[in-house]
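A short worksheet on the structure shown next.
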Amino acid sequence: MSLLTLIGEPWADYGLVDSGHGRKLERYGPYRFIRPEPQAMWAPASADWDAHGEFVPGSDEEGGGRWRFDKPVPHEGWPLRWQEARFTAQTTPFRHLGFFPDMAPVWSWMRERLDGAGDPECLNLFGYTGVGTLALSAAGARMVHVDASKKSVEQARANAELSGMANRPIRWLVEDASKFTAREVRRGRRYDGILLDPPKFGRGPTGETWRLEEGLPGLIADCRRLLDDRSRFLFLTVYAVRMSALAIGELLRQELGDLGGTIEAGELGVREEARGLVLPTAIFARWSR
Ligand SMILES: C[S@@+](CC[C@H](N)C(=O)[O-])C[C@H]1O[C@@H](n2cnc3c(N)ncnc32)[C@H](O)[C@@H]1O
């Protein structure tokens with residue numbers, strides 16, 4: 001399997017402005033933020049970064065830290081836009097801004113896969129604040145959006161409202177992704193496309209433990225059972241885990257190979273505006289037909 005690089009280009013409301021010396025400078029609409037980025041080992045293009053705030057990491061590598069603001073930023077967030085989807089960006093305690101901008105080429109690719117599909121239905125597992133769900137819904141898909149966190153699902157519904165998409169056919173479910181998928185298999189359900197963005201570690205709504213390395217093979221096997229000879233795609237992203245794109249590509253090949261079609265794997269990255277270099281963000285594997 002040869003590996004691909006899927007590159008997120010800058011868009012009106014988001015760009016990776018500059019990167020280097022273990023940090024990155026990004027713009028989110030009218031606001032600019034500095035965040036830690038251990039993979040940016042090179043020197044930045046500019047020595048002088050002007051930002052509204054910076055996430056200062058704690059001493060422990062795994063998490064912790066806090067935002068420090070140099071200029072006022074709306075605490076309740078501000079609206080951003082990707083194509084038809086509108087959503088609220090916000091500085092969160094988890095270092096990020098409430099959505100993952102490097103997913104933009106994933107949203108575009110999935111929408112292209114639905115081209116010509118009659119009344120498609122797609123599943124978004126670990127759907128978080130729902131930008132992927134809205135991107136697919138705007139392309140005409142009926143959606144099932146699953147996340148274990150009530151708060152995330154509320155934010156996703158608020159983003160649907162902000163997008164003027166509150167009345168679209170979207171089921172918003174606070175459920176454990178693995179349990180829900182297994183239940184859909186027992187119900188004999190099928191989907192035209194599946195998007196999964198599982199975290200390294202998570203908890204279901206009633207305390208179910210999600211550990212990526214343990215849970216992923218069974219979850220992918222169940223996703224296979226929800227795909228059939230009319231299905232179009234499955235897209236899997238993995239962040240912040242010591243795992244190779246080849247490993248998740250081969251997992252898809254073992255579990256989905258009998259469907260025919262194409263299996264690809266590689267790295268997601270974001271184009272830096274200053275010099276055009278590509279900053280890696282995640283690994284992915286995908287199936288399509
Ligand atoms: C979008 S995913 C991964 C985000 C990011 N890429 C990362 O690596 O952290 C995070 C989402 O998964 C959800 N989640 C965690 N465990 C879950 C589970 N067992 N079932 C369903 N959703 C879960 C969380 O509530 C959160 O909204």
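The values are calculated or read from the model by the stated rules, or taken from the named source; none is laboratory data. Source: prediction; values computed, not measured. Here Cβ is always computed from backbone atoms with ideal geometry, including for glycine, and neighbour counts include all displayed protein chains.
Data overview
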item	result
Qualifying residues in segment 118-137 (those that are more than 17 Å from the chain's Cα centre (by Cα) and at pLDDT 95 or above) - the one surrounded by the most Cβ atoms within 10 Å (Cβ to Cβ)	PRO120
Filter result (within 25 Å of ALA117 (Cβ to Cβ), part of a helix (DSSP H, G or I) and either within 8 Å of the ligand (Cβ to nearest atom) or among the acidic types (Asp, Glu) (or both)) within segment 175-224	ALA177, PHE180, GLU184, ASP222
Condition check for ARG242: within 14 Å of the ligand (Cβ to nearest atom), surrounded by fewer than 16 Cβ atoms within 10 Å (Cβ to Cβ) and of a type in the set (D, E, K, R)	yes
Number of the exception - SER231 against (1) within 14 Å of the ligand (Cβ to nearest atom); (2) buried (at least 22 other Cβ atoms within 10 Å of the Cβ)	(1)
Residue tally, condition free of Cβ contacts under 8 Å to residues at least 24 places away in the same chain and of a type in the set (Lys, Arg), over segment 219-271	1
Residue in segment 67-89 that is under 15 Å from the mean Cα position of the chain (by Cα), closer than 30 Å to ARG230 by Cα and polar (S, T, N, Q) present	no
